[in-house]
Amino acid sequence: MHYLTFMIPIWLLYLLLTGNWALNNLVTGFILAGLVVVLVRPAKRPFAWKRLPDALLASVLYLLRLFWDLLVSGIQVSRIVLTPSLPIKPGIVAIPSHCETDLGVALSAHAITLTPGELVIEIDEAGVMYTHMLDATAPEKKIAEAQKERRDLLSRIFA
């Protein structure tokens, strides 16, 4: 019964996104929702409704931060591509995630990988993300601040 409380909203979201209410799509959506819930295995804790406004605000702020990072790094990569004489120093940088859950580490790594010029190539057991950067001359403080902001927003969303 616990899984159904997660499956039904995922199933309805799938149906709304596809816009197809045919029987085969209803069954496919239900099976996919079931697979998502089985793979994610949500915790059996009560949902705190009083936390919802803060989680929604943190989600919006997280998405805005992600879009901003995409825009800025896209411009930087475009500059590097269009001006090959720019001095760049590609390399691998270790970024500690400091996230408490695997989901937080995964979402943080996903946000880094989405940005042009950066790719998380490995995550060790301690949650350190080894990231290949097109230009690894960025100061450590800037990288640490960006990761701290991501971690804080993710903890507000999934706390």
Using a 1.4 Å probe and ignoring any ligands, DNA or RNA, find the accessible area of residue 21 and quote it in Å² to the nearest 10. 140 Å²
To the nearest 10 square angstrom, what accessible area does residue 152 show with a 1.4 Å probe? 60 Å²
Per the chain, sqrt(5λ) over the Cα gyration tensor eigenvalues, sorted largest first, in Å, gives 35, 20, 15
Once both axes come from the Cα atoms, what is the angle between helix 2-18 and the longest principal axis of the chain, in degrees from 0 to 90, rounded to 10? 70 degrees
Just to be sure I understand: with springs between alpha-carbon atoms less than 10 Å apart, which residue in 137, 28, 101 has the highest mean-square fluctuation in the Gaussian network model of the chain? 28
Hey, what's the Kirkwood Rh for segment 1-70 if you take every pair of different alpha carbons, in angstrom? 14.2 Å
Grab the Cα-Cα distance for residue 137 and residue 16, subtract it from 0.36 nm times how many residues apart they are, and report the gain in nm with one decimal. 39.1 nm
Once phi is turned into θ = phi - 60°, what whole-Hz ³J(HN,Hα) does the Karplus curve with 6.51, -1.76 and 1.60 give for every residue of segment 148-157, x standing for Gly and Pro? 5, 5, 4, 4, 5, 5, 5, 5, 5, 6
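With a 1.4 Å probe and every protein chain left in place, work out the accessible area per residue of the chain in Å², rounded to a whole number.
Values: 10970 Å² over 159 residues.
Here the residues of the chain average 69 Å² of exposed surface.
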With Cα atoms, 0 to 90° folded angle of helix 102-114 axis to the chain main axis: 50 degrees
Return the Rg/Rh value of segment 97-159, two decimal places, where both radii are evaluated on C-alpha atoms and Rh is the Kirkwood radius. 0.95
Any chance you could run the full-extension gain for residue 158 through residue 70? It's 0.36 nm times the residue separation minus the Cα-Cα distance, nm to one decimal. 29.4 nm
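The values are calculated or read from the model by the stated rules, or taken from the named source; none is laboratory data. These numbers come from a predicted model, not from an experiment. SASA here: full protein model, heavy atoms, side chains in, ligands and nucleic acids out. Shrake-Rupley method; radii C 1.70, N 1.55, O 1.52, S 1.80 Å.
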